[in-house]
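Structure first, then comments.
The values are calculated or read from the model by the stated rules, or taken from the named source; none is laboratory data. All values derive from a computational prediction rather than experimental measurement. Here the Cβ positions follow ideal geometry from the backbone for every residue, glycine too, while neighbour counts run over all protein chains shown. Keep in mind that these areas ignore ligands, DNA and RNA; they rest on the heavy atoms of the full protein, side chains included. Shrake-Rupley method; radii C 1.70, N 1.55, O 1.52, S 1.80 Å.
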Amino acid sequence: MTLWERITRSNFFIKLTSWEYWPFGIVQFPLFIYYAWLSLRARSFIFFSASNPGIVMGGMFGESKYEVLKKIPEQYTPKTILVKRPTTKQEVVDMLSHHGFTLPVIFKPDIGERGFMVKRIDSEQDIGNYLEQIKFDFVIQELVDLPFEFGVFYVRFPYEREGNVTSVVMKEMLSVTGDGISTLQQLILKKDRAKLQWEKLSLVFKDRLKEIIPHGKSIELVSIGNHCLGTKFLDGTHLINDSLSRTFDSVSQQIDGFYFGRFDLRCASIEDLYAGNIQVLELNGCGAEPAHIYHPGYPLPKAIRVLFNHWKNIFLIAQENVKRGASYTSLRDAKGYYKKFKTATSLK
């Protein structure tokens, strides 16, 4: 391999040439200035907390995933239970049996973000390993094995009778396909998106790295649809139409105090998406992003314009909710929620 090939195959170069991997602060810097201006207009740095009065902090941080999910009608959600810490492996095993779960299932922190500690649990050993790491309450969720995963962003202004879908992201799970010659390790290191996850994947697949994968065989490396874990986000805004907006307006208006956020869901087909035959894995409030902007090659200036409009909508919805009797979270309470959130998302 030449020097230039080594440079272009380095993680640094891969990230440098694709803004979707850039640090949060670089991409968001122009938004910080706009956020400061909106805060001055609202006379509160926590104005976003009024965007969804029914969710703690409007869903920016510190909210319980379980409590938010329970606001959604049961027909749209998989079986989900909350596990309080501390607990033992046997207690969790008994809980799974009592509630009719069968492995595999998904474990995820009740307070968290960006795929932190979201794990597929295939065995009792996995349960024990998870309990050794997680220090706070967590959620057990039925594994939804449906082929399509989407993030659908919904917006409704309080003075309007109906809302609209403003963003759709399609999620392509991280996988590699065998050629009958290369080992699993070689296939991972050949694929940029997988190579960036090498540290984690080398541990997960440590017993299979030298295995030669047959031609045409696909291996899913990560089953959690999160960008930070290697999932490819694809722009699905072409799917937006009146039918889709009506479907998610119908679902959203059954959720008390919800006006703005993203449904992360799975379904069996595009037709089921339009019909509302969906399973919502998470509902994220104002802290969620219109994730279609992370489509590989999506123009950065266009993405920033989308984010400016995103924050404008948060501000307008929050202002209108305040006029209608909602209130901003106090700075003191916000600090408390943030401290709890940071503690819950740390392994230390």
Counting only protein heavy atoms with a 1.4 Å probe and every protein chain in place, the carbon and sulfur fraction of the accessible surface of the chain in whole percent equals 53 percent
Considering amide H positions built from the backbone, and no H for Pro or chain starts, which residues 5 or more places from GLU211, or on another chain, come under 5 Å of its amide H?
LEU184, GLN185
Spin-label pair LEU31/GLN254, simplified geometry with 7 Å Cα→Cβ offset, distance in nm
3.0 nm
Ranked by how many other beta carbons lie within 10 Å on average, peptides 195-205, 166-176 from highest
166-176, 195-205
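Which value in Å is the Kirkwood Rh of the chain over different Cα pairs?
Kirkwood hydrodynamic radius for the chain: 21.7 Å.
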Can you bin every Cα-Cα distance in the range 61-104 into 10 Å intervals starting at zero and give me the percent of pairs per bin, rounded to whole numbers?
22, 47, 30, 2
Could you give me the ³J(HN,Hα) list for the range 8-24, computed from phi with Karplus coefficients 6.51, -1.76, 1.60 and θ = phi - 60°, whole Hz, x at Gly and Pro?
5, 8, 6, 4, 4, 5, 4, 6, 4, 8, 10, 5, 4, 9, 5, x, 3
At 1.4 Å probe size, put CYS286, CYS228 in order of accessible surface, largest to smallest.
CYS228, CYS286
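Please tell me the relative contact order of the range 38-114 in percent, rounded to the nearest whole number, where contacts are Cα pairs under 8 Å and at least six residues apart. Show your work: numbers first, answer last.
Numbers: 38 pairs, mean separation 18.5, N = 77.
Here the relative contact order equals 24 percent.
So with the 1.4 Å probe, I'd like the accessible area per residue for the range 100-243, rounded to whole Å².
Heavy-atom SASA per residue in the range 100-243 reads 49 Å².
Ranked by accessible surface with a 1.4 Å probe, highest first, in what order do ASP272, ASP256 come?
Final ranking, largest accessible area leading: ASP256, ASP272.
With contacts defined as alpha carbon pairs under 8 Å and 6 or more residues apart, what's the relative contact order of the range 1-141 in percent?
So the answer I get is 20 percent.
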Listed here are the pairs LYS15/LYS191; LYS232/LYS312; LYS65/LYS206; LYS195/LYS217; LYS171/LYS339; LYS108/LYS171; which of them are more than 22 Å apart at the Cα?
LYS232/LYS312; LYS65/LYS206; LYS171/LYS339
Give the accessible area for LYS335 in Å² (nearest 10); use a 1.4 Å probe, count only protein heavy atoms, and leave out ligands, DNA and RNA.
130 Å²
Would you mind calculating the relative contact order of the range 123-249 from Cα pairs under 8 angstrom and at least 6 residues apart, reporting the percent as a whole number?
31 percent
In deg cm²/dmol, rounded to 500, what helix-only [θ] at 222 nm does the chain give when every DSSP H run of at least 4 residues adds -39500 (n - 2.57) and the total is split over its residues?
-11000 deg cm²/dmol
